[in-house]
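Asker: I have a structure I would like to understand better, so I am pasting it below and will then ask my questions one at a time.
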């Protein structure tokens with residue numbers, strides 16, 4: 001079984017792969033509906049990687065992982081409470097959490113490239129902030 005550091009680094013590498021495939025926000029309006037849906041999947045994958053890392057760290061801190069309908073929101077609250085994630089990073093992650101909910105419960109034909117653009121434009125900055133938070137908390141390298 002990999003160590004916590006190894007598991008986090010695997011997730012970070014997966015996030016890097018996702019971001020390397022992400023189109024630019026400027027090109028979104030020129031994409032087909034199928035390509036927009038693929039972009040939405042990449043955004044979902046990014047946030048899923050963030051949650052996977054947080055679940056691993058929270059579990060390693062012997063904090064009970066949340067359950068129930070609002071566990072995604074509660075996980076972020078726990079991460080802030082335990083100073084894994086700083087409040088300013090939480091503010092930048094919230095739109096991705098909201099998008100995750102829409103993505104899971106919505107339909108691909110409801111995706112709007114114009115509404116995805118701010119998420120795509122900001123995802124690399126949010127990733128950098130998240131990595132900095134994790135590196136600060138767990139003394140891991142910040143470099144992708």
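The values are calculated or read from the model by the stated rules, or taken from the named source; none is laboratory data. What you see is a predicted model, and the numbers here were worked out from it, not measured in a lab. Quick reminder, even Gly has a Cβ in these numbers, built from the backbone with ideal geometry, and neighbours come from all protein chains shown.
Asker: I'm told residue 23 meets every condition in (1) in contact with a helix residue (DSSP H, G or I) (Cβ under 7 Å, 6 or more places away or on another chain); (2) in contact (Cβ under 8 Å) with a residue 40 or more places away in the chain; (3) farther than 24 Å from residue 5 by Cα; (4) assigned to a helix (DSSP H, G or I) except one. Can you identify the failing condition by its number?
Answerer: Among (1) in contact with a helix residue (DSSP H, G or I) (Cβ under 7 Å, 6 or more places away or on another chain); (2) in contact (Cβ under 8 Å) with a residue 40 or more places away in the chain; (3) farther than 24 Å from residue 5 by Cα; (4) assigned to a helix (DSSP H, G or I), residue 23 violates only (4).
Asker: Exactly one of (1) assigned to a helix (DSSP H, G or I); (2) in contact with a helix residue (DSSP H, G or I) (Cβ under 8 Å, 6 or more places away or on another chain); (3) over 20 Å from residue 132 (Cβ atoms) is unmet by residue 92. Its number?
Answerer: Of (1) assigned to a helix (DSSP H, G or I); (2) in contact with a helix residue (DSSP H, G or I) (Cβ under 8 Å, 6 or more places away or on another chain); (3) over 20 Å from residue 132 (Cβ atoms), only one is false for residue 92: (3).
Asker: Taking residue 104 as the residue in question, decide whether it is assigned to a helix (DSSP H, G or I), in contact with a helix residue (DSSP H, G or I) (Cβ under 8 Å, 6 or more places away or on another chain) and either at pLDDT 95 or above or closer than 24 Å to residue 13 by Cα (or both).
Answerer: yes
Asker: Against the condition surrounded by 13 or more Cβ atoms within 10 Å (Cβ to Cβ), at pLDDT below 95 and out of contact with any helix residue (DSSP H, G or I) (no Cβ under 9 Å at 6 or more places or on another chain), how does residue 9 come out, does it pass?
Answerer: yes
Asker: For residues in segment 102-123 being surrounded by 13 or more Cβ atoms within 10 Å (Cβ to Cβ) and within 15 Å of the chain's Cα centre (by Cα), which is farthest from residue 71 (Cα to Cα)?
Answerer: Restricting to residues being surrounded by 13 or more Cβ atoms within 10 Å (Cβ to Cβ) and within 15 Å of the chain's Cα centre (by Cα), the top hit is 121.
Asker: Looking only at residues in segment 79-89 that are touching a helix residue (DSSP H, G or I) at 6+ places or on another chain (Cβ under 7 Å) and part of a helix (DSSP H, G or I), which one is nearest to residue 133 (Cα to Cα)?
Answerer: Among them, the one singled out is 89.
Asker: Hey, among 76, 97, which residue is assigned to a helix (DSSP H, G or I), within 24 Å of residue 139 (Cβ to Cβ) and at pLDDT 95 or above?
Answerer: 76
Asker: Kindly evaluate residue 70 against the criterion of being modelled with pLDDT under 95 and buried (at least 16 other Cβ atoms within 10 Å of the Cβ).
Answerer: no
Asker: Checking residue 58 against (1) buried (at least 17 other Cβ atoms within 10 Å of the Cβ); (2) under 22 Å from residue 123 (Cα atoms), which test does it fail?
Answerer: Checking residue 58 against (1) buried (at least 17 other Cβ atoms within 10 Å of the Cβ); (2) under 22 Å from residue 123 (Cα atoms), the one that fails is (2).
Asker: Something else now. Among the residues of segment 48-66, which ones are more than 11 Å from residue 79 (Cβ to Cβ), free of Cβ contacts under 8 Å to residues at least 24 places away in the same chain and in a helix (DSSP H, G or I)?
Answerer: 59 - this is the single residue of segment 48-66 that is more than 11 Å from residue 79 (Cβ to Cβ), free of Cβ contacts under 8 Å to residues at least 24 places away in the same chain and in a helix (DSSP H, G or I).
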